[in-house]
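Q: Got a structure here, written out as structure tokens. Questions coming.
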Amino acid sequence: MCGDLGPHCAAEKCADSSDYLCDYPVGEGRTCDLPLCESHAYEVAPNIHYCPGHLILWQEFRASGREVAELENVMPFKERR
Ligand SMILES: [Zn+2]
Ligand SMILES: [Zn+2]
């Protein structure tokens with residue numbers, strides 16, 4: 001670890017630099033925004049990445065049979081990546 005790598009991955013015990021932000025909607029038009037490295041940013045849809053914790057939530061959400069309409073709400077906010 002040297003130099004200015006910017007925010008590093010928020011995953012436990014991971015020191016990689018973050019190239020992604022968690023896109024999981026947390027309400028009021030906001031997203032989780034946890035910084036994630038390439039290996040911890042789980043792509044659930046094109047250009048939509050979730051942190052490990054939110055990936056699990058999302059999988060449970062899907063498994064529950066509810067639709068992903070809420071997740072689509074987050075698309076307009078993608079631009080600030
Ligand atoms: Zn990581
Ligand atoms: Zn997250």
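Q: Per q in 0.17, 0.19, 0.24 Å⁻¹, report the Debye log10 I(q)/I(0) for region 1-51, using one uniform scatterer on each alpha carbon and no solvent.
A: Taken in order of the listed q values, log10 I(q)/I(0) reads -0.48, -0.58, -0.83.
Q: Applying 1/(1 + (r/R0)^6) with R0 = 22 Å to the Cβ-Cβ distance of Ser39 and Ala63, what FRET efficiency is obtained, to the nearest 0.05? Don't skip to the end; give the middle numbers.
A: Numbers: r = 24 Å, r/R0 = 1.08.
Once the sixth-power term is evaluated, E becomes 0.40.
FYI, it's all coordinate maths here, none of it is from the lab. Everything quoted here is computed from the prediction, not taken from an experiment. Using ideal geometry, Cβ is built from the backbone for each residue, glycine included, and neighbour counts are taken over all protein chains shown.
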